[in-house]
Amino acid sequence: MATFPLIRGYEVVIGFETHAQLSTESKIFSGASTRFGAAPNTQACPVDLALPGTLPVANRGAVERAIRFGLAVGAKVAPQSIFARKNYFYPDLPKGYQISQYEIPVVQGGSVSFLLDGEKRSVRLTRAHLEEDAGKSLHEDYHGQTGIDLNRAGTPLLEIVSEPDLRSSAEAVEYAKALHALVVWLGICDGNMQEGSFRCDANVSVRHPGEPFGTRREIKNLNSFRFLQQAIDFEVQWQIDRLEDGLAIEQATVLFNPDTGETRAMRSKEDAHDYRYFPDPDLPPLVIAPDWVERVRAAMPELPALMAERFQRDDGLPAYDAAMMTQSLDFARFYEAARAACGQPKLVANWLMGEVSKRLNAQQIGIEAAPVTPATLAALITRVADGTVSHNGARQVFDALWGGEGTDVDALIEAKGLKQMNDSGALEKIVDEVIAANAKSVEEFRAGKDKAFNALVGQVMKASKGKANPAQAGELLRRKLG
Amino acid sequence: MALTPQDVSRIAHLARLELQPDEEARMLAQLNEFFGIVEKMSAVDTGGVEPLYTPLSAVQDVALRLREDRVTEGNEREANQKSAPAVDDGLFLVPKVIE
Amino acid sequence: MSALHRLGVAETARALRARQFSSVELVQALLARADEQRALGAFLAIDAEAALAAAGAADTQLAAGDAPALAGVPIAHKDIFVTKGLPSTAGSKMLAGYASPFDATVVARLAAAGTVTLGKLNCDEFAMGSANENSAYGPVHNPWDTTRVPGGSSGGSAAAVAARLVAAATGTDTGGSIRQPSSFCGITGIKPTYGVCSRYGMIAFASSLDQAGPMARSAEDCALLLSAMSGFDERDATSAERPPQDFHAQMLAVRDGASAARPLEGLRIGLPREFFAAGLSADVDAAVRSALAELEKLGATLIDVSLPRTELAIPVYYIIAPAEASSNLSRFDGVKFGHRAAQYTDLLDMYKKTRAEGFGPEVKRRIMIGTYVLSHGYYDAYYLQAQKLRRMIADDFQAAFRECDLIAGPVAPTVAWQLGEQGDPLQAYLADIFTLPASLAGLPGMSVPAGTGAHGMPVGLQLIGNYFDEGRLLHAAHALQQSTDFHTRAPAGF
């Protein structure tokens, strides 16, 4: 296990509870739509509103997605799990209890792996269980009151609980990113963090190395990776300050305020720790037969970790590159298409990590929205490989392609006069002229000054207006001066 | 093991019930009488017995029936909110919630 | 037409088909009668207009000859079932005037079978009680002696059927709420196997125990209604997946070796000795035994069986039912529907005052018990222990059913008591001893009139069958009713 820099002599311990909204059409216990952004309470049916006499009926699609996740993280998919009631009063919780899973969750164990500073890290999962989302409290003023919208109530959630295996905010962010990428890759969650489809609660504590775990505070509802890191960093400093002042940490649920960058304890839900869990008498045990698990397994996409291994093994990519190529399913598909078209895996990876990613990030778009197709990128890479265009030239061509100036790589190379001079006759002539015109440099080179040789190559490139192939030019010079 | 007045107020709070002092006193007496009746249950050895959460599982395996993932409910907000104590443009109103 | 109200479900259905009178005439007569008998406190709501409209529609179908089985037959529903047209209160102030946007499955199915709904019937608040004295809308009086209770929680249903206000009514039974009031009011009621009737639209008391059933004046009428109201419902995950049942046909099926004189030939009826032990009052014991003797004459053999954990059923039930109830009743918080306190300082205060005002003492008591037994540190000792004992109780029944086909005994230790007589609520719990075991096991149970006991008050014979054995129960009860007239006796003046 990697060792982590202590912060002011303290070791940081972080565990996650992540809520992923499952991408079903209908809710986990009712036939109401899960679509985001509808007018308040227009997607809250009698079951979601807990109207007297209503009963829950579980959604097969939600269970199927939980199985997919369980298989993806190498967990045990429980042949029998139990829905339980978590009892507490809150206006966004219509029944006065949340249907969740307590003693026997549907997914047990498993792990999530990712790279941290080029090193492979693996975080153990405790469990993942199915439950229903709550509604929303709208705190902007409604005549001094709070407005309750229950459209979200009953949206299926997979709560993914990690062991306290994380030791820094940076590692926490990498874990969260890897988990996010995985649920999106599996197609079980749309991953839209702005809309709350993927929400992280971080349990943070600090301790002196070797000591037992310190008291943890839970930072709730972190819905961006940046906030996640900021919140953990602030929380760690806050806890250390307290301990250094000889004060104790009390277990608490805290909220992160992005404006101040600070965390503060929630005032509500103080007495909510006696949830009075018991098996929901409206829902018999959830039974998942082995053949169902096998059907789900058969329909699973190749997992990112396996695909990355394949890219290392078959394409000879370095681990880091392979991980980058599998950052999302679309990214991996782009890489594979381009690689297939030009047979230059490393060059494709370099371009995707460099020029392509740079532009994607700048425009904040995904690769599926890139204006350059895998085939076009492959064509350009082919021209770099066969020496037709220099790397600098290729970058200019790529700019043109991205900017929509054209899609025909060769035409753009011609139009921009970026074709490298591969006609040795013409090059030889230039080389002779340069040797003749630079007697001083020639002398110095013969005297053993490599600097002078570079100067001569530079002269050749200049004289050829950059169209000479530097390698070829250098070769000719050595022959003639040798 | 008898309940204390503190137990009663703790439970009443958990259950969100405001009890008047006389109610609490009566409740304490009745709960203690009740748990007197319950004691003989605690004595029974139930080692190795599976709890019976749903009756039919006494004689057969009972598995949760699952519904297909289909949207079957439309917008019936008006009918569904007909008996709501306080509503404003489709939102249920409650006293300010402080997070 | 003054005697129309005396007709049962089967007779009424036949007479309507024969066009002897119209459903509208019948409904008019019953509405007038319900109005005369307001003092009984049986009805909480009546919609005369809707009832007459439905009756008119039924008459048209009957005239056209394409009417469903129970076309034009007037019934009423326990107010624990939600109904679209009529208010649904569960006998609670919490739901005063509550308008449900949908009908309970049982209500919808009975309507589809042609029945005409007269109105909603009084019951103990959220079906918690055994005397109907816990209704926020006042008590119900027993037609046999209006100073006495009708039993509960389906007291309004039992009183209405006994007083001939309706031929039949729906009820629900969680710990005896169909059987005990049927016994107290001298009518026939059946609680089917858990899962036979959909719970969708039944305001939940204890989800793992609640079952709906018919209450009427004969086993035959119960069979007709149960066939119409039962069956698989995809809206209830605990609903039993099985084809529709014709309980009437099952009731009429002839046993092998049976004869006209001995229709129950070969039927083994087990008598749990624990049901005839101390605590059973002599008058009830005598009435029950006379009915058993009658069953013997009809060919049944009576054998001695044991349900050793009968007494434990009381604590087990009064742990499990309140635990589930405390959770089921959390939705009544003054936010989405129902009562909200007028004065409060903040959200917490709104919750506490709303629930303090909306719930009656018995409901509060059970919420407190349920909250306590589920609370941290007590779950294993109480709830889990109770659920384990529940399995032992269910296993005891299976052991008994290896020796017999049906189990018989009293429904309640005594006849109906005086209104207000039962001071201590916990003593009332003890009186549920004979109905709780079948409820905990989820077995079908019936109350069949077995004559009268002290003060000329009715006594019910309880019949308990194995899972999904409703047909056999109804068959035995029907045979008894073919050779006795207990079930046809009406309270004086009704």
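The values are calculated or read from the model by the stated rules, or taken from the named source; none is laboratory data. This structure is a prediction, so every number in the text was calculated from the model and none was measured. Cβ placement follows ideal geometry from the backbone for every residue including glycine, while neighbour counts extend to all protein chains displayed. Just the protein is used for accessible areas: all its heavy atoms, side chains included, with ligands, DNA and RNA removed. Shrake-Rupley method; radii C 1.70, N 1.55, O 1.52, S 1.80 Å.
Here are the numbers for this structure:
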quantity: Unmet requirement for B:Ala79, which otherwise passes all of (1) part of a loop (DSSP other than H, G, I, E, B); (2) at the interface with chain C (Cβ under 7 Å from one of its Cβ atoms); (3) modelled with pLDDT of 95 or more; calculated: (1)
quantity: Filter pass, B:Val38 being touching a helix residue (DSSP H, G or I) at 6+ places or on another chain (Cβ under 8 Å), on the phi < 0 side of the Ramachandran plot and either crowded, with 18+ Cβ neighbours inside 10 Å or modelled with pLDDT of 95 or more (or both); calculated: yes
quantity: Any hit, the stretch C:315-338, residues being within 10 Å of another protein chain (Cβ to nearest Cβ), out of contact with any strand residue (DSSP E or B) (no Cβ under 6 Å at 6 or more places or on another chain), open to solvent by 40 Å² or more (accessible area, probe 1.4 Å) and farther than 30 Å from A:Ala44 by Cβ; calculated: no
quantity: Any hit, the stretch C:426-434, residues being open to solvent by 10 Å² or more (accessible area, probe 1.4 Å), among the aromatic types (Phe, Trp, Tyr), in contact (Cβ under 8 Å) with a residue 12 or more places away in the chain and outside any loop (DSSP other than H, G, I, E, B); calculated: no
quantity: Condition check for C:Gly176: assigned to a loop (DSSP other than H, G, I, E, B), without any contact (Cβ under 8 Å) to a residue 40 or more places away in the chain and buried (at least 24 other Cβ atoms within 10 Å of the Cβ); calculated: no
quantity: Residue in the stretch A:149-172 that is in a helix (DSSP H, G or I), out of contact with any helix residue (DSSP H, G or I) (no Cβ under 8 Å at 6 or more places or on another chain) and under 30 Å from A:Pro56 (Cβ atoms) present; calculated: no
quantity: Residue in the stretch C:155-162 that is among the polar types (S, T, N, Q), crowded, with 24+ Cβ neighbours inside 10 Å and out of contact with any strand residue (DSSP E or B) (no Cβ under 6 Å at 6 or more places or on another chain) present; calculated: no
quantity: Test set (1) at pLDDT 95 or above; (2) more than 14 Å from chain B (Cβ to nearest Cβ); (3) outside any helix (DSSP H, G or I); (4) under 30 Å from A:Pro79 (Cβ atoms) - A:Val293 fails condition number; calculated: (3)
quantity: Members of the stretch A:429-466 that are surrounded by 14 or more Cβ atoms within 10 Å (Cβ to Cβ), under 30 Å from A:Ala415 (Cβ atoms) and modelled with pLDDT of 80 or more; calculated: A:Ile430, A:Val431, A:Val434, A:Val457, A:Gly458, A:Gln459, A:Val460, A:Met461, A:Ala463, A:Ser464
quantity: Of the criteria (1) in contact (Cβ under 8 Å) with a residue 24 or more places away in the chain; (2) over 16 Å from A:Val348 (Cβ atoms), which one A:Gln396 fails; calculated: (1)
quantity: Residues being without any contact (Cβ under 8 Å) to a residue 12 or more places away in the chain and open to solvent by less than 90 Å² (accessible area, probe 1.4 Å) - total across the stretch C:12-45; calculated: 4
quantity: Sole residue being surrounded by fewer than 17 Cβ atoms within 10 Å (Cβ to Cβ), of a type in the set (D, E, K, R), facing another protein chain (nearest Cβ under 7 Å) and more than 25 Å from C:Leu86 (Cα to Cα), chosen from B:Asp69, B:Asp88; calculated: B:Asp88
quantity: Segments classed as helices (runs of 4 or more DSSP H), wholly inside the stretch C:341-411, with at least 3 members that are closer than 27 Å to C:Phe468 by Cα; calculated: C:385-401
quantity: Count of the stretch C:204-223 residues which are more than 21 Å from B:Tyr53 (Cβ to Cβ) and touching a strand residue (DSSP E or B) at 6+ places or on another chain (Cβ under 8 Å); calculated: 9
quantity: Number of the condition not met by C:Thr238 [criteria: (1) more than 27 Å from C:Gly195 (Cα to Cα); (2) part of a loop (DSSP other than H, G, I, E, B); (3) among the β-branched types (Val, Ile, Thr)]; calculated: (1)
quantity: Members of the stretch A:56-72 found to be hydrophobic (A, V, I, L, M, F, W, C), more than 8 Å from chain B (Cβ to nearest Cβ) and open to solvent by 10 Å² or more (accessible area, probe 1.4 Å), listed by number; calculated: A:Leu71, A:Ala72
quantity: Total residues in the stretch A:352-396, condition open to solvent by 30 Å² or more (accessible area, probe 1.4 Å), aliphatic (A, V, I, L, M) and under 23 Å from A:Gln327 (Cα atoms); calculated: 5
quantity: Test: residue in the stretch C:306-313 that is in contact with a Phe, Trp or Tyr (Cβ under 7 Å, 6 or more places away or on another chain), over 30 Å from C:Gly257 (Cα atoms) and facing another protein chain (nearest Cβ under 7 Å); calculated: no
quantity: Scan of the stretch C:401-416 for residues that are out of contact with any Phe, Trp or Tyr (no Cβ under 9 Å at 6 or more places or on another chain) and under 25 Å from C:Ala282 (Cα atoms), ordered by number; calculated: C:Leu406, C:Thr414
quantity: Any hit, the stretch A:35-42, residues being facing chain B (nearest Cβ under 7 Å), of a type in the set (A, V, I, L, M, F, W, C) and crowded, with 23+ Cβ neighbours inside 10 Å; calculated: no
quantity: Residues of the stretch C:365-378 classified as open to solvent by 20 Å² or more (accessible area, probe 1.4 Å) and more than 15 Å from B:Phe35 (Cβ to Cβ), total; calculated: 1
quantity: Selection count where residues are farther than 27 Å from A:Ala299 by Cβ and crowded, with 17+ Cβ neighbours inside 10 Å, scope the stretch A:172-198; calculated: 3
quantity: Total residues in the stretch C:46-73, condition open to solvent by 60 Å² or more (accessible area, probe 1.4 Å) and not aliphatic (A, V, I, L, M); calculated: 5
quantity: Total residues in the stretch A:73-102, condition over 19 Å from A:Val161 (Cα atoms) and within 11 Å of chain C (Cβ to nearest Cβ); calculated: 11
quantity: Matching option when the condition is closer than 18 Å to C:Pro449 by Cβ, crowded, with 24+ Cβ neighbours inside 10 Å and more than 24 Å from the chain's Cα centre (by Cα), among C:Ala300, C:Ala216; calculated: C:Ala300
quantity: Qualifying residue in the stretch A:221-229 (condition: more than 30 Å from B:Leu66 (Cβ to Cβ), within 14 Å of chain C (Cβ to nearest Cβ) and open to solvent by less than 60 Å² (accessible area, probe 1.4 Å)); calculated: no
